[in-house]
Structure formats: structure tokens, C-alpha cells
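Q: One structure coming up, written as C-alpha cells, with questions to follow.
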Ligand code: ARG
Ligand code: ZN
């Protein structure tokens, strides 16, 4: 055999270089024999030349595989017939149709990347998306190669009583030496990234679902025995998702069995492998005493997301990884609508928008900015981003809103029908929408291929004599790495006009009032040009514009609202989202005042903010979850996005000052509300109960800002007597986050009691880790280092890494952004050291942790310089993974 030269430089892959594969794999037969310390994988690939591609060379992907046998049509290949590189195996078959057989040896126990086949606690499991299958066997590991899979797994019967793979079980039985096997066949052709295999000692919860056509589907959730009691919520969520997808999209499930397996060591949330979803335990397990309300909602959302992929992702998949948002953006849109239907629509919208504006906008303004359909990448794992997922979902949402529910449904029906069993592109998705509606989506394409967040600047003018009101809308999108000058976007701007007595009817210049619907106070303006004016007729008074209702497009809105305008929107707008937004803008104005006052300066809270809150406290009909969000000050990341130069400590201080001032101004209302909501009611995880707890606990966090002894007692009592994790950890959080000395002392005691109580519940211990990592009190670096030494810490478990290192670097401004005396000290140096250690083990996680450092250019000089020097040091590392290399080098470019 020939050994090819290793390619040292990290390669960039370009969308424009896309070519179909030279071969197809009609059938894939695998035999995976698991032994302690080593696993043998035998593969039989029935292959066929793709006649539309010239050249007969076959390049198979493979990484870290020890090749033991190779044969074509039963004839072993002599060594001069193939070339083996570090990540490809090349050969030139002599016929157009043949069976390629290989046998390789792998070591799942040594696989710390958690990609491919690896071991997690009591089980062997796989993660193949995006390019993990090549760590299992030689293959054409690309999503446009779809194959019929048969998988026979064998292992020791006592160590691995459960043997699973995709599709339906066709055979199982005993073997010699205490071993057994199971053979699974998946009747649906799929790309290798959807392959899964699980072998281990697992218990299961069973249920079933009858589909709309009357087919009975077995539902099984596999967990460690100790977690059997925590599967009910995931099971209920699964059944609701199956029903919702039938009702909302006409999508029926297509196998006899649907399985979910919970795994403790997992790089992300979950994975939609055909018929065998694999989940991070944090996204399946839920029980009231160990899981917060947010945790319950996350389980529901992720179960739905993975289930919905069965159609949007599996039946219709991606041609190449540049199309990732085709399945992820669409599926996030689907799960978001599902959650909205299960709970409160406006609340869900506020949550999604906050996530987008706090984190995706920052990504779009940084060195890793990319369009939702990127045109190049080095390491695809780095592109599972908020842009691909969340912004991708916003783009689908705009299409759905432009079409309206009936046409959108026609569009998705056409898309699923036309492309069932195919690997397609985002253009195919948009084409289906254009075909059913006759709409021109050509300009809309810019959302797919231009990065950056458009800034929508709006100015207005009222002509009293002509009774005309004009909105002039301009769009500008800052340069991003892939493109400096942007073409204008097609932006749906939903709006209304607020008058003294209520909302005004909207008549545009070319419209006749009589032709318009009776309730004509809400409108979508389609902005398509760089600057564009909209003139409204018969406007009886100068209105306050209600703009970007429901956040109708992922843009930054710039309109010069006065605080009185904002108060008018809060009090009079019919749109819940815009009301929330107006409160947030009033908060931003107060935070800006506090920043202008400077660190030692006198800051006086503008009285309009507490006045608005007082009137909201008095509104009995206001949704409590909405009010809880209105009471929550904008996140530091969102505030940072509004600054031309970020001073993280100044942001933190200003936000704290506003919080203290509000706590003082609203003390009476906060305490009264807290007490009213504290009366004991039985725990339930429905939307109304969740809303109630969230409002109560927001009040508590204000009250704990400078608590009286009596308030501190209230908080301790809540902590000690809580019957659910939401209330328990909210009280603990309020103590830990308070800058008050007595509260901090109480927090120390409570934290150690909490650990003693929950030390056997890994997911609770993770929350405990994360909370301490976020503790803003001085000395955070010492504390976070102590956490890394704690008996419960595990440096190979991503959830623990995210809780401690992610929690500290992403949620502890005073300590993470402390610069230290020398470059080796301070939060940035801490992060760089951690990344260096992790990168060798698990590059995907290491690359994710880099995020805060990538934003260095946006910070004030002292911070910026310190971050940059850590990135430069990382770049010097001889063995930096491609994952980290891409992020570090692009950040410094
Ligand atoms: N497809 C999975 C999901 O969205 C996530 C896979 C993430 N893969 C990765 N390499 N980060 O449900
Ligand atoms: Zn997904």
C-alpha cells in the first residue's frame, strides 16, 4: 500500500466547488463487533459509478481507522491497488458496479472527541453529524450519498444487553462466549450522518402513538436505570410533537418504532438519527424536583426539534453542508411554532428574539459572521451556529409571514412531495414557496447569501394640513468578512400607528379607504430599497409609530423614540411584542443614563420607567410571563451590541445601578407581588404556573438586591421549603447574585447544603456549578479554579465544561473581564489555558469556548489588547485543531 503525504495546512471548502460524488452507494451493510477496548467494523458497500462524473477514482473518507482487510467483489486488493492517506483511502475500481468490502479496527474507549463511535459511562454510542461516520468506517461521508442501511451489532450480553441502530429490528440472537447480536434495517435511504448505533446497559420507558392513518408506532426512551422516573415529560412532548406535525404540516411518522437514547457525554443538545434520536441527558430528563421550568421547556422544544427533523432533514436532506440551514433553520422555525402553540405565542416570540439579538447579532458583527448559506468553511462543526439555526429560522418565518398560513402550507407540502428522498438546497426550498405563491423571491435570496444584520433607520414627518404621515425607511448593513458592500434586503416591516385615543386606520397613498378591511390598523410594509418612503393618508393627528411588530425581520431598528413615545406604546399598543420592546427601550435609556454618569457619578433614575412599571403591576389582565420578561433588564450582551466600543465593566455597573434603583423605587409593589404569588399551590409545569413562578422569582431577585433581614429570611425560606427546582434554585441564585454581604454569607451556606442534597444528580450538580461560575463577587478566578478541582467536576464531560468554563466566561463579567497584573493572569488567560488543554481531547468543545475572545475588536483598548494577545498565543500552538485554527485565525485576520 502507498502512504500519501499528510496535508498539514487546514483546507478551505467552497460551495462553488460542489460536484456530485463519483460513485453512489446503493446498499450499506455493516457489522459492528464491540469488544472491551476495541471494535471491529466490517462494511459491505454495493457501489455504482455516477455516470455524470468523469474519472473512475474513488476517494473514501476515513479517519483514525486501522485497515485490516479490503476487497472488491470478494477479491482482496493488493497493496498497490490503493493509497491510504490520513483521511482518505483512494482506489480505482475496474468496473462500474461492484461490492467493496473493508474491515477496520477502532478504539471507542479512546475516542474523547465524542464524534464517531465512543463510550459514555455505561454505553457505546455514536454521533455522526456532520462528518463523524468516517471515524467508524471508510465511506463516502457526504450528505448527498444516500444509502439503504443494514446494521448488525454484536457485543457482550451482560455488559451491553441493549443493541440498537436505525430502522426496524429484523433479527436478534445469542452468540458464543456470552455475546449476542441484533440486526437492524432502515428502509429509508439516508446519508451516513444520520446513522446511529447504541450498545449498553440501559432501561427503557415504553409508550405508543397511533398515526393519522391508523398505524401504531412503538415509542421507547432509553436511559440509565436510575433515570427511569424522569422520562415522562419527554414522552409526552414526543406524542404532542407527532400529533402537531400531522395537524400542522400533514407529516406522518414512517417507521414502526421511534427511539430516544439519553447520553451523558454529548457535544450538543441532541441528534435526529433516523428512528434513533440520541440526546444529551440535559435535553431529555425532567422531573419537578430536579429540573427548572426552563429545563422542562427545553426538553419539550428539543424533543420536538429532533422529531420534526424526520421530515425536515431526514426525508428531505441537504445536498452539502453549505445547505445546513435548509434543515436547521426550517426545523427551528417548526419547533418554535410548536412551542408557541403549546404555551404563549408572544412569550415564545420574546424568548426567541432575545436569544437572537443577544447572541446572533454579536456573531453577525464579529469575525465568524457568515450568511445562513455560507460559501466556504474550514471545519463544518464550527457552523452549527446561531446564524444557521436562529437567523435561519427568522428567514423561514419571514417567508411564512409573507405567504400567510395557507400558502405556506401549500409550499411546504410541495417541498416535501417534490423532494422526498432527495438531498437538496435552500434554493429548492425557496422555489417551492415561489411556485405555490407566484411571488418573486429573487431579492429575498440576499438573506441567504449575505451576512450581517441590517440597520433599519426610520424617520417620520407629519403634515397637519394635508393630514399626511410619512415614514422614510433606509437600510444599511455593515461590512462582514465575506462581503463589504451589501445589496438591499427584502424586509417585511410590520407596523401600526398609535393616536391619542387608540390605533389609527392605515391608508397608503395609492389606496382607497373603502377597499380596505374594517380592522385596518396593522400592516406589513415591504421594504426593498436602500431608502423608501411610505405615505399614509387621512391621518388625523401626529401618531407614535409602532414599528417592527412581532419582530417581523431580523434587523436593528433605529427610530428616535422619546421616552414619552415609548410610554405611549407600552400603554396603548395592541401588539404584545412592541409593548415589551418599548419597556426594554425605556430600560436601555436608563442604562445609558447610568453609563453616562460614570462609575462614581450620581445617577438618577428617570421616573418614567418606574411609573410605567407601576401601571403594569396594576394591570390584572397582563400575562405574568410577559410581565416577568418586561421586568428583566436587557442582558449585558444585548447592551454591548448597542455600544460603539464595549466596556464590559461599565455595562455591568450601569445595569446593576438601574436594577438597584428600580428595586428601591418599586419595593412595595415587588414585595406585594412576591407575597401574593408565594402562596402554596401544587406544582405543575403548564404555561400559567410557569408564568407565575417566573414573575415571583423576578420579584425576588429585585428584592434581594439590598434585602432587609426579613426579605433575606423570605428568600431562605423559599430555598429551604421549595418543592420544585425552579423555586429552589431561583432563591439560591438570588442569594448568590446579590452584592449584599449578608446575602452572600447566606449563599455560601446554602450552596454547600445544596450540594450535599443533590450530589447524586448530575444535572442538578451542573446547575450548581454554573451558578457558582457566574458569581460576580470578587475572587471569581480563584473560585472557578477551585470548581475545576471539585470531586464532581469531570473535564471530559461537555455539560460540566459548559457549566463551569462557559458559565464563567459567558456569564461573569466582573471576573472574566478582570485583566490581572500580567498577561498570564486574568480571565482571558484562564480561558486560553483551558482551551489549550481541551483542544487535544475535544476540539469541537474547545472551538465553541473561544467565542468570547473572538469579539476582541469590539472592546475598549485594554480589554481588546488582552484578548488579542491570548488569541495570538493560541495561534502559535503547534497542534491546534482545525476547529480552533479556523476560529482563531479568522478572529485575528
Ligand atoms: N442536527 C443536530 C440538531 O440540530 C445537531 C448536530 C450538531 N452537530 C455538530 N457537529 N455540532 O438537532
Ligand atoms: Zn436540528
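Just so you know, all these numbers are worked out from the coordinates, no wet-lab data involved. In this text, all values refer to a predicted model and were calculated from it rather than measured experimentally. Cβ coordinates were reconstructed from backbone atoms using ideal geometry, including for glycine residues, and neighbour counts include every protein chain displayed.
Q: Helix 392-419 versus the longest principal axis of the chain: what angle, 0 to 90°, nearest 10, using Cα atoms?
A: Approximately 30 degrees, to the nearest ten.
Q: Please find the FRET efficiency linking residue 644 to residue 485, where r is the Cβ-Cβ separation and R0 is fixed at 22 Å, and quote it to the nearest 0.05.
A: 0.55
Q: Quick check: the distance between the Cα centres of the stretch 616-682 and the stretch 137-192, to the nearest angstrom?
A: Answer, in whole Å: 52.
Q: Going 7 Å from the Cα of residue 50 toward and past its Cβ, which residues in the stretch 398-439 have a backbone nitrogen under 17 Å from where you end up?
A: Counting backbone N atoms under 17 Å from the label point, the list is 421-426.
Q: Please find the FRET efficiency linking residue 466 to residue 664, where r is the Cβ-Cβ separation and R0 is fixed at 45 Å, and quote it to the nearest 0.05. Before the final figure, lay out each step's value.
A: Numbers: r = 48 Å, r/R0 = 1.07.
Once the sixth-power term is evaluated, E becomes 0.40.
Q: If R0 is 41 Å, what FRET efficiency do you get for residue 110 and residue 708 from their C-beta distance, rounded to 0.05?
A: 0.10
Q: Packing-wise, with mean Cβ within 10 Å as the measure, how do 578-584, 86-92, 588-594 rank, highest first?
A: Descending mean neighbour count gives 578-584, 588-594, 86-92.
Q: Then there's this: With a cut-off of 20 Å, note down the residues of the stretch 182-219 whose backbone N falls inside the zone around a label point 7 Å from the Cα of residue 174 toward its beta carbon.
A: What the label zone holds, given the 20 Å backbone N cut-off, is 182-183, 200-202.
Q: Run the quick spin-label model on residue 67 and residue 201: label points 7 Å from Cα toward the beta carbon, then report their separation in nm to one decimal.
A: 3.8 nm
Q: To continue, here is another question. Mean separation of Cα pairs under 8 Å and 6+ residues apart, divided by the residue count of the stretch 63-177: what relative contact order is that in percent?
A: This gives 20 percent for the stretch 63-177.
Q: Round to the nearest 10 and give me the degree value, 0 to 90, for the angle of helix 648-665's Cα axis relative to the longest principal axis of the chain.
A: Roughly 50 degrees between the two axes.
Q: In the stretch 247-264, whose amide N lies under 19 Å from the spot 7 Å out along Cα-to-Cβ of residue 225? List them in ranges.
A: Of the residues in the stretch 247-264, 262-264 have backbone N under 19 Å from the label point off residue 225.
Q: Please compute the length gained on full extension between residue 94 and residue 446, using 0.36 nm multiplied by the number of residues separating them and subtracting their Cα-Cα distance.
A: Numbers: separation 352, 0.36 × 352 = 126.72 nm, distance 4.52 nm.
Stretched fully, the residue 94-residue 446 segment lengthens by 122.2 nm.
Q: Relative contact order for the stretch 1-201: what is it in percent, counting Cα pairs under 8 Å that are at least 6 residues apart?
A: 22 percent
Q: So, in Å, what gap is there between the alpha-carbon centers of the stretch 9-69 and the stretch 730-768?
A: Cα centres, the stretch 9-69 to the stretch 730-768: 50 Å.
Q: I would also like to ask the following. Once you have the Cα-Cα distance between residue 289 and residue 524, take 0.36 nm times their residue separation minus that, and quote the gain in nm to one decimal.
A: Result for the pair: 80.1 nm of gain on full extension.
Q: If I model a spin label as a point 7 Å beyond the Cα along the Cα-Cβ vector, how far apart are those points for residue 825 and residue 476 in nm?
A: Once both label points are built, they end up 4.2 nm from each other.
Q: Over the chain, what is the mean sequence separation of C-alpha contacts under 8 Å (at least six apart), divided by residue count, expressed as relative contact order in percent? Mind showing how you got there, number by number?
A: Numbers: 1693 pairs, mean separation 73.0, N = 893.
Relative contact order, the chain: 8 percent.
Q: Okay, moving on. Give the angle, between 0 and 90 degrees and rounded to the nearest 10, that separates the Cα long axis of helix 324-342 from the longest principal axis of the Cα atoms of the chain.
A: Once rounded, one gets 50 degrees.
Q: Give the separation of the Cα centroids, the stretch 504-526 to the stretch 88-113, in Å.
A: Value for the Cα centre distance between the two parts: 64 Å.
Q: How big is the stretch 1-201 by Rg and Dmax over its Cα atoms, in Å?
A: 16.9, 53
Q: Given labels modelled 7 Å from the Cα in the Cβ direction, how far is it in nm from residue 459 to residue 35?
A: My value for the distance between the label points is 7.8 nm.
Q: Sort 294-303, 389-398, 175-184 by packing, meaning the average of other beta carbons within 10 Å per residue, with the highest value first.
A: The densest-packed peptide leads the list: 389-398, 294-303, 175-184.
Q: Run the numbers for residue 599 and residue 889: contour at 0.36 nm per residue of separation, minus the present Cα-Cα distance, in nm. List each step's numbers first, then the result.
A: Details: separation 290, 0.36 × 290 = 104.40 nm, distance 3.56 nm.
Full-extension gain reported as 100.8 nm.
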